[in-house]
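Throughout, read-outs are computed from the coordinates displayed, never taken from laboratory work. Since we're looking at a predicted model, the values are computed, not measured. Every residue, glycine as well, gets a Cβ built from its backbone with ideal geometry; the counts of neighbours run over all protein chains shown.
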Amino acid sequence: MCGISGIISPYPALVKQEKVKTMVHTLRHRGPDGEGMFTNEANTVCLGHNRLAIIDTSDAGIQPLHFLHYTIVFNGEIYNYLELKQTLQKAGYQFQTHTDTEVIPAAFDYWGKDCLHQFDGMFAFALYNNKTEEIFIARDRFGEKPLYYHAQYQERGRFEQFVFASEMKALWAIGIDKQLNGTMMLNYITLGYTQNPIKPTQTFYSNILSLPAGHYLVIHPSIGKVNMKRWYKMESIISSSTIQNPLLHFNELLDSSINKRLRSDVSIGASFSGGIDSASIVAHLVKQSLPSINTFSAIFPGFEKDESAYINAVLESNPKQNIQSHFITPTVEDWSSNWQKLQYHQEEPMQSASVFTQFMVYQLAKQNGVKVLLDGQGADEILGGYKKYTPWFLQENLLKSYSIFLKEKKQLGQNQFLDQWGFKNWIAAYYPEKTAKFLQQKAITLQANHPYLDKDFYKKYANNDTLQKPVVKSLEDILYYNTFKQGLQELLRYADRNSMAHSVEVRLPFLNNQLVEFLFSLPSSFKMKDGFTKWILRKSVSDLLPESIVWRKGKIGYEPPQKEWMNNAFMIDKMNESREKLVDNHLLNPNILKTSLKPKAAHEDQNFDWRYLSAAAIL
């Protein structure tokens, strides 16, 4: 896990090393263990790197790294690098380091662009080919590692300068302006959206783009040309019908994913919220009989959604294991004193104070000398963990088997995974296309009727196409949408910035592509069954965890006492200042200043004052 940056231009005078050095210094939090730069002979390419030393911590791992006629700057981890290295050695390649970085240029030399399909990992890297003078920039399948860029064009189709970095703040540091993307901001303020599902390159800044997950760029510096291509489209490479025991196969894939993500030359721990996802990872770590397991948790004694009891249930069920548990209780004082720092690292608006809770957990790991954390993110999206998924599951079964529909509807309700079911759900089951249009129109109406929007701001930036909804005919449809279109990317951004703020690496075992592809090949009954979500995961750890954890009823969002915090005097002042700032910038009209604040819990609907607070922070 590191930071990368670079400047590319047909004009050598525009490729200034001091600017790349500025970007490197700005990203030092991503990699405090070393830094480096590379400039090609033509001075059309300059690459920068910040190193967080995880695998082969010796000086041999310093980047930019040179291999054959390639130079690479790399952010991330290739977890199956040992297996790939063996394959490449048999093909005649020789390696000088024990890093995973060195495997990437060798793989590119051997397989070409198809090397990306060989990688089990999280990555964003820039690879310069000294022979062709091309630059290959790629991002991992799910977008765990970020890559932002700004292209300045002198004529259509030919850039004058192309600048990229792991975080936008590096681009701002060298003078690239913050040009607000009005449509993104409008959609966030009114509806809470942080992504544009029809244009994944968009950020909250119109002049800075994000390389979408599963895409790559090929850049030709000498002629100022850049081409983008999608390299990964999730397809089930395994038919579930060929697997005799899907539960066993799931266990094997998860075990393999976790084992590969334990490859490290520094200390490893695990985030532990008390939910089934993180508890499953801890259970698998215990099964490995590791000499010591460090877990890190945020707890809120006395708060109705505190997870302490569930965390302690797991810890107490493994008394013989050497589990070192670490706890932190973030306070409103912590939040208020770290608010600006949190927003600095996140760069774009956030949905709730849950992001700050995660920030503090990663800080706790840093304070205890743990440099790598395993985390359960991604499980809800691929296993159907959120309550909002259960109506779609029932709608699918309504058309397939009425008896199963009735049985699951009753059990999901009894187990507190179904909030409501009404006539709209019956209509959605039979008319999914019309339902998608209805939901889009509902979003359009909610936005148009927001009482405090500046009229000119709304007229200028409203774009109904960005509010379109997916046509959902099955549970898999909505899981795919949230995994690849809108939802998961937001959570991955939170995790990357929060962990990197403390120079800690986060690894996500549930986002192994073979595991994801296998789960999408399974019938929905493996995700929801007998009134429980994430059925296959629960079943797989039923012998490893207490029953109170495995078959826990209801879904509690990972959250702090946000409503209480927002009633704090300091935060009330900040929220009032935020409203005034949005009025001054002509996003809201002055009437908002006459209304009382409405603090809400982290996952409550219409949490407008939180959005105003977070939106104003990026202006």
Taking the dipole of the chain about the Cα centre (Lys, Arg +1; Asp, Glu -1; charges at Cβ), the one of Ile243, His326, Thr39 that reaches farthest to the positive side is Ile243
Note: Ile556 to Gln94 extended length (0.36 nm per residue) minus current alpha-carbon separation gives 161.3 nm
Given unit charges at Cβ for Lys, Arg (+) and Asp, Glu (-), the dipole magnitude of the stretch 3-230 about its Cα centre in debye, nearest 20, is 660
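Could you compute how fast the stretch 513-583 diffuses translationally, taking Rh as the Kirkwood radius over C-alpha pairs and applying Stokes-Einstein at 4 °C with viscosity 1.567 mPa s? Give it in µm² per second.
In µm²/s, the coefficient rounds to 80.
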Taking only the alpha-carbon atoms of the stretch 3-230, the convex hull volume per residue, in cubic angstrom, is 123
Rounded to whole angstrom, the alpha-carbon centroid of the stretch 327-395 lies from that of the stretch 134-183 at a distance of 26
Relative contact order in percent for the stretch 3-230 (Cα pairs under 8 Å, 6+ apart) equals 21
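So for each of 388-394, 543-549 I average, over its residues, the number of other beta carbons within 10 Å; can you give me the resulting order with the highest mean first?
Averaged packing, sorted descending, gives the order 388-394, 543-549.
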Unit-weight point scatterers at every alpha-carbon of the chain, Debye formula, q = 0.07, 0.08, 0.11, 0.12 1/Å: log10 I(q)/I(0) is -0.44, -0.58, -1.16, -1.39
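Would you tally the net charge around Ile198, using a Cβ to Cβ cut-off of less than 14 Å, leaving Ile198 out, and scoring K and R as +1, D and E as -1?
Around Ile198, the charge tally is +2.
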Of the candidates Phe518, Thr87, Val361, the farthest towards the positive dipole end of the chain (Lys/Arg Cβ +1, Asp/Glu Cβ -1, centred on the Cα centre) is Phe518
In debye to the nearest 20, the charge dipole size for the chain, taken about the Cα centre with +1 at each Lys and Arg Cβ and -1 at each Asp and Glu Cβ, equals 1440
For Glu252, placing the label point 7 angstrom along Cα-to-beta-carbon and taking the stretch 281-300, residues whose amide nitrogen sits under 11 Å are none
For Lys410, the aspartates and glutamates lying under 18 Å Cα to Cα, once residues fewer than eight places off in the same chain are dropped, come out as Glu396, Asp419, Asp530
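If you put +1 on each Lys and Arg Cβ and -1 on each Asp and Glu Cβ, how big is the dipole of the stretch 388-478 around its Cα centre, in Debye rounded to 20?
With only Lys, Arg, Asp and Glu charged at Cβ, the dipole is about 200 debye.
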Placing each pseudo-label 7 Å from Cα in the direction of the beta carbon, Thr445 and Ile572 end up separated by a distance in nanometres of 3.6
Sorted on mean Cβ neighbours within 10 Å (highest first), peptides 182-192, 447-457 come out as 182-192, 447-457
For Lys600, the lysines lying under 25 Å Cα to Cα, once residues fewer than eight places off in the same chain are dropped, come out as Lys305, Lys341, Lys387, Lys388, Lys442, Lys553, Lys555, Lys563, Lys574, Lys581
For the chain, averaging the sequence separation of alpha carbon pairs under 8 Å that lie six or more residues apart and dividing by its residue count, the contact order in percent is 15
Under the 7 Å Cα-to-Cβ spin-label approximation, Ala309 and Ile243 lie apart by a distance in nanometres of 3.4
Sorted largest first, the Cα spans of the stretch 562-616 on the principal axes come out in Å as 28, 23, 18
Dividing the mean separation of Cα pairs under 8 Å (6+ apart) by the residue count of the stretch 514-619 yields a relative contact order in percent of 21
Expressed in angstrom and rounded, the centroid-to-centroid distance over alpha carbons for the stretch 101-132 and the stretch 484-556 is 29
What helix-only [θ] at 222 nm does the chain give? Using -39500 (n - 2.57) per DSSP H run of at least 4, over all residues, to the nearest 500, the answer is -11500 deg cm²/dmol
Ordering 248-259, 142-153 by per-residue average of other C-beta atoms within 10 angstrom, highest first, gives 142-153, 248-259
